[in-house]
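We did not get these values from a lab; they are worked out from the coordinates using the rules stated. Just so it is clear, the model here is predicted, and its values are computed rather than measured. As a convention, Cβ positions derive from the backbone with ideal geometry for all residues, glycine included, and neighbour counts pool all protein chains shown.
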């Protein structure tokens, strides 16, 4: 039985996403096409300067990405850039203010080429599984869309061939962050995580 870290992580994410009620949590402001396009644009902004995008999908209240970073652009810097830019633009557009995204993201360092492909497939099938469309190509805010320009599977970076990031402060979990690597990332809207009392 396969109990690799990649399989365990993928099974956990599937279990969370298969709970259809979670898709309806919060404001779901990413269901608005203009907001989804802002997030999709932010995801791809640094492409070509230390970033390879293999698969992505913007859902009504979260986004999934399979990305390879190098020493030039660290994963945390890239995520911070996406969240700050998209929050500012969506808040301006919607007349809102304050935090938009959950502070933490779910980042998994992909360990094998086999699961690299499985994570990419999972990301692109996510809207179909959620019942938002009939085929992955129909979802406009995804790498599966016919017009999407995605980087190939041959760009996978094995974590066994790269070094860990040097700690910047005490307590930082550097054993899970590589200078270069391929990651499966999920980030969610804050109001989809924190349910407000009425």
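The order of 104, 3, 124, 138, going from fewest to most other C-beta atoms within 10 Å of their C-beta, is 3, 104, 138, 124. When 187, 106, 119 are sorted by how many other C-beta atoms sit within 10 angstrom of their C-beta, beginning with the fewest, the order is 106, 187, 119.
When 120, 28, 57, 133 are arranged by Cβ crowding within 10 Å, least crowded first, meaning fewest neighbours, the order is 133, 28, 120, 57.
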